[in-house]
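The values are calculated or read from the model by the stated rules, or taken from the named source; none is laboratory data. None of these values were measured; they are calculated from a predicted model. A quick note on method: Cβ atoms are made from the backbone with ideal geometry, for glycine too, and the neighbour counts reach across all protein chains shown. SASA here: full protein model, heavy atoms, side chains in, ligands and nucleic acids out. Shrake-Rupley method; radii C 1.70, N 1.55, O 1.52, S 1.80 Å.
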Amino acid sequence: MHMAKTSLLFIACIVSLLSHTACQAKVLSFNWEVGYVYGSPDCEEKLVMAINGQFPGPTIRAKVGDTIDLELKNTLETEGVVIHWHGIIQRGTPWADGTAAISQCAINPEETFNYRFEVDKAGTYFYHGHYGMQRAAGLYGSLIVDVADGEEEPFHYDDEFNLLLSDWYHKSIYEQTVGLNSRPMKWIGEPQSLLINGRGQYNCSLAAHLIQGSSTCKFTSKACEPVVLRVLPNKTYRLRIASTTSLASLNLAIGNHKMTVVEADGNYVKPFSVDDMDIYSGESYSVLITTDQNPSSNYWLSVGVRGREPNTPPALAIINYRPNSPSKLPDSSPPVTPVWNDYAHSKSFTYKILAKEGTPRPPPHANKTIALLNTQNKLDGYTKWAINNVSLALPTTPYLGSMAYHVNGAYDPQPPPENFPLDYDVMKPAKNPNTRQSTNAYVFQFKSTVDVILQNANALKENVSEIHPWHLHGHDFWVLGYGEGRFQEKDASKFNLKNPPLRNTVVIFPHGWTALRFVADNPGVWAFHCHIEPHLHMGMGVIFAEGVDNVNVSQIPKKAIACGMLINNHLP
C-alpha cells in the first residue's frame with residue numbers, strides 16, 4: 001500500500017513538472033492566539049483585538065498550491081471567534097471558510113480550532129473576524145499568495161509594498177452593536193480615523209504637523225507614526241492594496257504619480273492608468289507605479305472617504321525617494337479626495353475594470369436568475385436592512401452541519417423570495433417599510449449557472465440611497481454590468497460576456513443595479529452579504545447553498561459543527 005502511494009506521488013510529480021506546483025507545494029503551519037491588547041492605532045490608546053499580541057495580525061505569505069495549517073486559540077474572555085479567509089475559494093474545505101453559524105461554530109473562549117486549506121490562486125487577499133463586529137475591533141491582517149515557483153506574473157516590477165486600509169472607531173464594538181440594536185437605533189457615526197497598515201492619526205493634520213511642526217500632532221508611540229514607503233528612483237513598484245474597513249468607502253491617490261491597475265480581487269485585469277482609485281470594503285487591488293518624478297522630493301499617498309459625507313480626515317503616508325530623509329517634506333500638498341458624492345467619478349473608475357485577455361469567460365447563459373432588492377426597513381420599531389423584505393438572522397446550528405446531516409428545524413426551510421414586486425419604486429422610500437427576519441437559504445442546483453441582480457433602492461429617508469459593496473464567499477463571479485434605476489429585462493441584452501472582470505466583491509451604486517454571474521460548483525454553504533459591518537449586523541445578507549450532499553461529512557471537523565442542534569445529536 002505504501003509503495004503504491006509512493007508510486008502515485010512520483011507519477012503526479014512527473015506529470016506536474018511543467019507547472020512546478022504539486023511537488024513544490026508546502027504546508028505552512030501557524031499557531032495563533034486571538035485576544036485583546038492595549039494599542040494606539042491613531043495615537044489614542046484603546047483596546048484592540050490582536051493576534052499573538054500583534055495588530056494588524058501577522059501577514060501570511062504563501063505560494064499557489066501551498067496548504068495553510070493554522071491552529072487558532074481563542075483567549076478572549078467572554079466571546080467566541082472565527083476568522084474568514086477573504087477571497088480564498090475553499091474548494092473541498094467549506095468548513096474552513098470561517099463564518100460563524102454558516103460554515104462553523106464560533107470557537108469558545110480557551111478553545112482551539114484548526115483551519116487547514118489550500119491557496120490555489122495568486123493574488124492579494126486578507127483575513128478578518130466574521131463573528132459579531134470583531135472586524136471593526138481590529139481582527140484582520142493580510143494574506144498574500146505568490147505565483148508558484150517557475151511561474152511569472154504577467155507584468156514586471158522591481159519590488160512591492162502591501163497596504164491594508166481600514167477605519168477606526170473609539171467606541172467599542174459592544175457600544176456600537178448595542179446602539180444598532182436599540183429602539184430607536186443609535187447609529188455608529190463616521191469613524192474617528194483611517195488607518196494604513198494599522199496606523200493613523202486622530203485629531204491631527206499630519207500634513208500640517210510636518211509642514212508647521214504643529215503641537216497638536218504627538219506620536220505617542222511608533223504604532224501611530226505615519227507609514228513610509230522607501231523607494232529608489234526610476235523603478236517600478238507593485239502596491240498591493242486591500243480594504244477591510246467597517247464602514248468607509250475609500251479613495252487612494254499618490255501625488256504626481258499615476259497608477260496602473262493590474263489586479264482586482266486576485267484576478268488579473270486589463271491594465272489601465274488612473275490618477276486616483278476608489279476602494280470599497282472587501283476589495284483588493286494591485287497597482288504599478290513608476291518612481292519617475294523629481295528624486296530630490298518625497299510625495300504624499302493620501303486615502304480619503306468616498307460615498308458618505310466625510311467626518312474623518314484623510315490618512316497619509318509618505319513615498320520616500322531614497323536617499324532623501326523620510327521626514328523630508330513633500331513639495332506639494334497631498335492629493336485632494338474627490339467630492340464624496342461625485343458618483344460619476346466612481347463609476348468612471350469602476351467601469352474601466354475589465355478582464356485581462358485569457359481570463360475564463362462566463363457561460364453564455366444562466367440556468368437561474370434571482371433579483372435581490374436591498375432595502376432599509378423596520379422590524380417592531382428596530383431599524384434593519386433586508387433583502388427582498390427578509391432580514392437575515394443566523395441560526396444556532398451552522399448551516400453546513402444542519403444541511404449535511406439533514407437536521408430538521410435548524411433553519412427555516414421555506415425558500416426565500418427570488419424577486420420583488422413589479423410595482424416597487426426603487427427611487428422612493430418603501431410604502432410599507434416593515435420587514436421580517438428569517439434563517440432561510442437559497443439552494444441552487446449543483447453546477448448550475450446563476451445570475452444575480454443586485455438592486456439598490458431608496459432608504460427610509462427621502463432621496464437617500466447608499467453604496468453597498470457585496471462579497472460572495474466560496475466563489476469568484478463575473479461582473480456582467482451596471483445600470484441606473486430599476487433593472488429591466490431588456491438590460492440583459494447589454495451584459496458584457498466578452499471580457500467581464502472576475503471578482504469576489506462588487507459595488508452597487510445608489511439607486512442602481514449590478515448584475516453578476518457565477519457557477520454553483522463549490523459544494524458548501526456560502527455567505528453573500530454587504531461587506532459594511534453594521535449593515536451585515538442589521539441583516540443585509542443572504543445564504544447560498546449548493547451541492548451540500550457532495551460534501552463528505554466524515555471530513556467535516558466535529559468541532560466545526562458540534563453546536564446548536566448538533567451538539568449531542570446526529571454526529572457519529
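Residues in the range 77-90 that are within 18 Å of the chain's Cα centre (by Cα) and not in a strand (DSSP E or B): VAL82, GLY87, ILE88, ILE89, GLN90. Annotation for the range 278-285: no member residue is over 25 Å from PHE528 (Cβ atoms), over 12 Å from the mean Cα position of the chain (by Cα) and not hydrophobic (A, V, I, L, M, F, W, C). When PRO323 is tested against (1) under 18 Å from LEU195 (Cβ atoms); (2) over 21 Å from the mean Cα position of the chain (by Cα); (3) open to solvent by 10 Å² or more (accessible area, probe 1.4 Å), only condition (1) is not met. Only one of PHE495, PHE509, PHE477 is without any contact (Cβ under 8 Å) to a residue 40 or more places away in the chain and aromatic (Phe, Trp, Tyr). Can you tell me which? Going through PHE495, PHE509, PHE477 in turn, the sole match is PHE495.
Considering the range 410-444, the residues that are in a loop (DSSP other than H, G, I, E, B) and among the hydroxyl-bearing types (Ser, Thr, Tyr) include one that is nearest to LEU460 (Cα to Cα), namely THR435.
Of all the listed residues (ARG322, ARG361), the sole one being within 26 Å of LEU502 (Cα to Cα) and of a type in the set (Lys, Arg) is ARG361. Against the definition (modelled with pLDDT of 95 or more and farther than 22 Å from MET538 by Cα), how does ALA386 come out, yes or no? Criteria not met by ALA386. Selection of first residues in the range 322-347 that are over 23 Å from ASP278 (Cα atoms) and without any contact (Cβ under 8 Å) to a residue 24 or more places away in the chain and of second residues that are part of a loop (DSSP other than H, G, I, E, B) and among the polar types (S, T, N, Q), restricted to Cβ pairs under 9 Å at least 6 apart or on distinct chains, gives the following pairs, ordered by first then second residue: SER325/ASN298. Of THR220, THR291, THR236, all but one fail to be modelled with pLDDT of 95 or more, open to solvent by 20 Å² or more (accessible area, probe 1.4 Å) and touching a Ser or Thr at 6+ places or on another chain (Cβ under 9 Å); the exception is THR236. Determine whether the range 316-338 contains at least one residue that is assigned to a loop (DSSP other than H, G, I, E, B), over 27 Å from GLY87 (Cα atoms) and of a type in the set (A, V, I, L, M). Taking every residue of the range 316-338 in turn, at least one turns out to be assigned to a loop (DSSP other than H, G, I, E, B), over 27 Å from GLY87 (Cα atoms) and of a type in the set (A, V, I, L, M).
Go through the residues of the range 404-413 one by one and say whether even a single one is at pLDDT 95 or above, farther than 28 Å from MET565 by Cα and not basic (Lys, Arg). Looking through the range 404-413, none of the residues is at pLDDT 95 or above, farther than 28 Å from MET565 by Cα and not basic (Lys, Arg). Within the range 451-458, at least one residue is assigned to a strand (DSSP E or B), open to solvent by less than 10 Å² (accessible area, probe 1.4 Å) and closer than 18 Å to SER281 by Cβ. Those strands (runs of 3 or more DSSP E) of the range 345-409 in which at least 3 residues are within 29 Å of LEU250 (Cβ to Cβ), in contact with a Leu (Cβ under 9 Å, 6 or more places away or on another chain) and open to solvent by less than 30 Å² (accessible area, probe 1.4 Å), considering only elements entirely within it, cover 368-379, 382-387. Consider the range 297-314 and keep the residues that are polar (S, T, N, Q) and assigned to a loop (DSSP other than H, G, I, E, B). The one that is farthest from LYS356 (Cα to Cα) is ASN311.
Inside the range 36-76, residues that are assigned to a strand (DSSP E or B), open to solvent by 10 Å² or more (accessible area, probe 1.4 Å) and under 25 Å from PRO191 (Cβ atoms) make up a count of 7.
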